[in-house]
Amino acid sequence: MSARDQNLVEINFDGIVGPSHNYAGLSLGNIASASHKDNTSFPRAAALQGVAKMRSNMELGLAQGFLLPLPRPNQAFLQDLAVDATSDRALLAAAWSASSMWTANAATVSPAPDTADGRCHLTPANLVTMPHRSQEWRDTQAQLKIAFGDVRHFAVHDAVPLSFGDEGAANHMRLCERHDATGVEVFVYGRQGGKFPARQHEQASRAVARMHGLDPKRCVFIEQNPEAIEAGAFHNDVVAVANETVLFTHERAFADRHDAYEAILAAFPQLQVVEVRNDCVSLEEAIRTYLFNAQLVTLPGDDPGSGAGMALVVPSECRESKAVWSWCERMLASNGPIRQVIPVDVRQSMANGGGPACLRLRVVADPATVDPRFLLDDVKAQRIEAVVAEMWPERIEPDDVGSEALAKAVIEAREALLGVLSLDELA
Ligand code: SUG
């Protein structure tokens, strides 16, 4: 069966928030993570907020999948670094981090219509810049190899070697007339040397494009604005998001916006840029509210370019910001491609720098070719909610991280989830 005969749709795979979710201030350059360091976390509420977001997107008629929390505390990480009572607390916290919830960093995905062999290619992100995230990729890959295990339709690669930092889909955008058509893939990288680390290296992006067998004429490589990284946009998806023909972006997202738009237009003439000017929403306000860390989705049943258009699923923080919300209202009145703005409450994730878009990995695929255990429906959503309500810790105080009792509880909670989803092989 060739890609043309398949029912290729965008499926959003959200990361279920793990039972060890806590605020350890581990991500330099991520302002929310730093400013919530040592706050009390609420893992149960966090996971339920995530499921509610998935339910709300399913109600829009969108295909929804999920990825499971990784095993934490990571015993191998603790052993390999000989972590003990004398070591840095950040190392201990790293082994406990639930950061795999942000599946926009799980992998870069090139759908079948874009690749030389007509398969959907996935490369797990090495996440090497942050120690707590660099331990994710092998376990993530194991999961991707099950979910997308049908090698007639998918290729799951190894991560880019650690010499070059790769942050996955958070620094990657795809433009296309429809999700099932050939696209243009836009890779956004940062340059080192600023106040905060630039996490995505240009060579990692270029390696992923080659590994995926993309047509060089349909790839664009763009530099992130160092000023945006400095203001806290540690990933490009904090200041820009694309869907089909639309690029929704802050005017200060890219190092040179005119060059960036021109380069994309040259590869993809149908481009529509919806740009937010700094004098309407400042970079700081955009980063505080995560306006651009939105899910820009095509509403089903919509004929490209004509029907009900797109919806922007934003964090509820956007609704509470005068500048952001009045921009959204003006945008809706202007009759552009985005016809709805839908606020969702993901505050527990937001406090660690993860908005609605961080929590999901977009995969364009035929749902029939994906392991059905990773696809969400109402019955599975109820099962997930029931396990979370019963077994996820209600709260974690900073000093709880490292305790034996909590370790036992989070391991058991995760295993119970694997059990109800028949995914015990991930134990
Ligand atoms: O990598 N936060 C994550 C947030 C990831 C957001 N993802 C996207 N933009 N796609 C990060 O910085 C904080 C963990 C802590 O501090 O406890 C953290 O890892």
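The values are calculated or read from the model by the stated rules, or taken from the named source; none is laboratory data. All values derive from a computational prediction rather than experimental measurement. So basically every Cβ, Gly included, is an ideal-geometry build from the backbone, and we count neighbours across all protein chains shown.
Values computed for the structure shown
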{"item": "Residue satisfying all of: in the stretch 166-182; in a loop (DSSP other than H, G, I, E, B) and among the charged types (D, E, K, R); nearest to the ligand (Cβ to nearest atom) among these", "result": "Glu167"}
{"item": "Residues of the stretch 305-320 that turn out to be at pLDDT below 75 and more than 16 Å from Leu62 (Cβ to Cβ), as a count", "result": "2"}
{"item": "Residue ID - surrounded by the most Cβ atoms within 10 Å (Cβ to Cβ), chosen from residues in the stretch 192-202 that are touching a residue at least 40 places away in the same chain (Cβ under 8 Å) and out of contact with any helix residue (DSSP H, G or I) (no Cβ under 6 Å at 6 or more places or on another chain)", "result": "Arg199"}
{"item": "Test for Ser27: is it part of a loop (DSSP other than H, G, I, E, B) and crowded, with 20+ Cβ neighbours inside 10 Å", "result": "yes"}
{"item": "Selection count where residues are under 26 Å from Val410 (Cα atoms) and either part of a helix (DSSP H, G or I) or within 16 Å of the ligand (Cβ to nearest atom) (or both), scope the stretch 356-392", "result": "23"}
{"item": "Pick from the stretch 40-77, criterion among the small types (Gly, Ala, Ser) and not in a helix (DSSP H, G or I), ranking: surrounded by the fewest Cβ atoms within 10 Å (Cβ to Cβ)", "result": "Gly61"}
{"item": "Subset tally (residues that are in contact with a Gly (Cβ under 8 Å, 6 or more places away or on another chain) and under 29 Å from Ala242 (Cα atoms)) for the stretch 69-104", "result": "8"}
{"item": "Cβ pairs under 7 Å, 6+ apart, first in the stretch 25-36 and at positive phi, second part of a helix (DSSP H, G or I) and near the ligand (Cβ under 8 Å from one of its atoms)", "result": "Gly25/Ser33; Gly25/Ala34"}
{"item": "The stretch 198-238 - residue that is outside any helix (DSSP H, G or I) and among the small types (Gly, Ala, Ser) and, of those, farthest from the ligand (Cβ to nearest atom)", "result": "Gly213"}
{"item": "Condition check for Ala46: in contact with a Lys or Arg (Cβ under 9 Å, 6 or more places away or on another chain) and closer than 30 Å to Gln340 by Cα", "result": "yes"}
{"item": "Meets criteria (at pLDDT 95 or above, within 15 Å of the ligand (Cβ to nearest atom) and buried (at least 21 other Cβ atoms within 10 Å of the Cβ)) for Ser35", "result": "no"}
{"item": "Some residue of the stretch 338-356 being free of Cβ contacts under 8 Å to residues at least 24 places away in the same chain and farther than 27 Å from Leu127 by Cα", "result": "no"}
{"item": "First in the stretch 165-182 and among the basic types (Lys, Arg), second anywhere and away from the ligand (no atom under 16 Å from the Cβ) and modelled with pLDDT of 95 or more, Cβ under 6 Å, 6 or more apart", "result": "Arg174/Gly183; Arg174/Glu185"}
{"item": "Enumeration of residues in the stretch 8-32 that are under 25 Å from Glu390 (Cα atoms) and within 9 Å of the ligand (Cβ to nearest atom)", "result": "His21, Asn22, Tyr23, Ala24"}
{"item": "Failed item in (1) small (Gly, Ala, Ser); (2) more than 25 Å from Gly402 (Cα to Cα); (3) in contact with a helix residue (DSSP H, G or I) (Cβ under 6 Å, 6 or more places away or on another chain), with Ala52 passing the rest", "result": "(3)"}
{"item": "Verdict on Val188 being within 16 Å of the ligand (Cβ to nearest atom), touching a residue at least 60 places away in the same chain (Cβ under 8 Å), part of a strand (DSSP E or B) and under 27 Å from Asp117 (Cβ atoms)", "result": "yes"}
{"item": "Residue in the stretch 123-131 that is part of a strand (DSSP E or B) and closer than 25 Å to Pro300 by Cβ present", "result": "no"}
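Condition check ((1) of a type in the set (A, V, I, L, M); (2) over 22 Å from Ser349 (Cβ atoms)) across all residues:
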position	(1), (2)
Ser100	no, no
Thr103	no, no
Asp117	no, yes
Leu122	yes, yes
Thr129	no, no
Phe154	no, yes
Gly165	no, yes
